[in-house]
Amino acid sequence: MYMSKDGDIVDLEQEFYDSFNQEEMLAYFDFTFPKGALPGLCKISKPKEGHTKSTYFSTLFIIDTPDDGALSDVSSYAKRINWNSFGNYLPAFNSVMSMPYAGSKTLNYFLEADIFIDMPIDMPKQFVMHNLYPSIEKVTGFKAGSLVFWDDTKKDLKKEDPEKAQHSFFQKIQDFFK
């Protein structure tokens with residue numbers, strides 16, 4: 001999948017793979033965008049050990065935008081999200097750095113938000129399940145589906161054909177938007 005960004009050609013699939021080099025995938029969930037019931041997928045990750053001293057969770061939202069009207073609606077909505085309201089729901093919340101995809105010529109809208117926390121998280125799975133995941137739904141207004149932990153998925157993938165297991169997560173994303 002290629003997209004023009006500031007005059008440059010960016011291989012989004014490669015960018016997605018590269019993010020795994022610096023971050024550890026924790027979980028993902030599907031959701032529905034409030035206006036137009038557009039489907040989406042959210043990936044939650046944290047920095048890999050030794051890549052940074054910051055404690056943050058990276059969220060990547062991928063929202064299906066089948067036409068220019070949907071893209072415009074999603075872009076407008078995303079700009080109005082009050083990311084600082086995470087402070088109402090997350091212990092030791094510090095800040096959020098959100099980075100919307102601002103290009104065109106795609107059937108998906110991408111929005112990344114890195115959520116910084118002022119405390120070490122010793123049990124990230126529990127923090128995601130009990131704090132981060134419910135607060136994402138409250139802050140964004142997206143109707144969240146089932147939370148799936150990456151470790152659980154990897155266990156299931158080991159039972160599958162190894163070639164299929166390597167591509168399973170990305171195949172799920174592709175199938176989700178078909």
Give me a count of the residues in region 109-123 that are under 9 Å from THR55 (Cα atoms) and not β-branched (Val, Ile, Thr).
4
Filter result (in a helix (DSSP H, G or I) and of a type in the set (Phe, Trp, Tyr)) within region 61-98:
TYR77, TRP83, PHE86
Of the conditions (1) touching a residue at least 24 places away in the same chain (Cβ under 8 Å); (2) out of contact with any helix residue (DSSP H, G or I) (no Cβ under 8 Å at 6 or more places or on another chain); (3) outside any helix (DSSP H, G or I), ILE121 clears all except one; give me its number.
(2)
Give me the pairs: first residue in region 24-46 and over 10 Å from ILE62 (Cα atoms), second residue acidic (Asp, Glu) and buried (at least 16 other Cβ atoms within 10 Å of the Cβ), beta-carbon distance under 7 Å, and six or more apart or on different chains, which are they?
LYS35/ASP73; GLY36/ASP73; LEU38/ASP64; SER45/GLU23; LYS46/GLU23
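FYI, it's all coordinate maths here, none of it is from the lab. Please read all numbers here as calculations on a predicted model, not as lab measurements. Cβ atoms come from the backbone with ideal geometry, glycine included; neighbour counts cover every protein chain shown.
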